[in-house]
1. Give the residue that is farthest from residue 18 (Cα to Cα), with candidates limited to residues of region 39-98 that are among the charged types (D, E, K, R) and exposed (fewer than 13 other Cβ atoms within 10 Å of the Cβ).
2. Need pairs with beta-carbon distance below 9 Å; first residue farther than 20 Å from residue 99 by Cβ and within region 1-28, second outside any helix (DSSP H, G or I); sequence gap 6+ or separate chains.
3. For the condition closer than 16 Å to residue 104 by Cα and charged (D, E, K, R), what is the one hit in 40, 11?
4. Filter region 56-87 down to residues that are over 14 Å from the mean Cα position of the chain (by Cα) and either among the β-branched types (Val, Ile, Thr) or modelled with pLDDT under 80 (or both), then give me how many there are.
5. Got a number for residues in region 29-53 being free of Cβ contacts under 8 Å to residues at least 40 places away in the same chain and either part of a loop (DSSP other than H, G, I, E, B) or touching a strand residue (DSSP E or B) at 6+ places or on another chain (Cβ under 6 Å) (or both)?
6. Filter region 1-25 down to the residues that are charged (D, E, K, R) and within 27 Å of residue 74 (Cβ to Cβ) and list them by number.
Amino acid sequence: MRKVHSQNINKLIELRELLNQQLYSGHSLITYDLILDVLKAHLEGKNLTIKELCAGSIRSTLNTRKHINLLIDDGWIVLSNGVHDKRHRIVNATDKLIDLVDGLLGSSTIDHLK
């Protein structure tokens, strides 16, 4: 295995270990999926609604929404009102989440993708 692959895999493993230590008790793979979806939208500069986040999940809407609420309660994501329709809440990554990923992967990685 090439050195760069080993480094990347080790970073993924380290990120998962950090999240396991810092996320709420009872988190699951759906939590990781939600975090990745929120970070992807952040990097692409796109607004992501709760509806889109739930629709993109392979889990039930109720279970997905439960984990969204737990991520909000722990300060990993926040909701803001949509520009055109306040019923469509926008999901955003918090500095806490971005800083965790930046610290692991190096701040230049996330900043250059914005």
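The values are calculated or read from the model by the stated rules, or taken from the named source; none is laboratory data. Fair warning: this is a prediction, and the values are worked out from it, not measured in the lab. A quick note on method: Cβ atoms are made from the backbone with ideal geometry, for glycine too, and the neighbour counts reach across all protein chains shown.
1. Among them, the one singled out is 85.
2. Sorted first by the residue in region 1-28, then by its partner, the pairs are 9/1; 28/59.
3. 11 is the lone residue from the list that is closer than 16 Å to residue 104 by Cα and charged (D, E, K, R).
4. 8
5. Adding up the residues that qualify gives 2.
6. In the first step, residues of region 1-25 are kept if they are charged (D, E, K, R); the result is 2-3, 11, 14, 16-17.
Across region 1-25, the qualifying residues are 11, 14, 16, 17.
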